[in-house]
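Below is one structure, written out as structure tokens, with a few remarks after it.
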Amino acid sequence: MQRDRELAQVQRAHWQQTYAAQPGMYGDEPSAPAVHAAAFFTAAGARDVLGAGS
């Protein structure tokens, strides 16, 4: 269990550093799949969506 926490901390630090160094690495606009998914959920009447890793 402790090893899992340590690994999670190392991974978090890595991604925090990566995103801080390259804030635009994923672009400034939503991806086409994200736009499609948002339209789909809206049409289905969804008010809340939980994304994995959010």
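What follows is calculated from the coordinates using simple rules that are stated; it is not laboratory data. Small disclaimer: the values here were computed from a predicted structure and weren't measured. FYI the Cβ positions are ideal-geometry reconstructions off the backbone, even for glycines, and counts take in every protein chain you see.
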Q. In region 27-46, which residues are part of a loop (DSSP other than H, G, I, E, B) and either in contact with a strand residue (DSSP E or B) (Cβ under 8 Å, 6 or more places away or on another chain) or over 30 Å from Arg12 (Cβ atoms) (or both)?
A. Ala44, Gly45
(Q) Give all pairs with beta carbons closer than 6 Å in which a residue from region 36-48 that is on the phi < 0 side of the Ramachandran plot meets a residue that is of a type outside the set (A, V, I, L, M, F, W, C) and in a loop (DSSP other than H, G, I, E, B); count only pairs at least 6 apart in sequence or on separate chains. (A) none
Q. Within region 19-27, is even one residue within 14 Å of the chain's Cα centre (by Cα) and surrounded by 10 or more Cβ atoms within 10 Å (Cβ to Cβ)?
A. yes
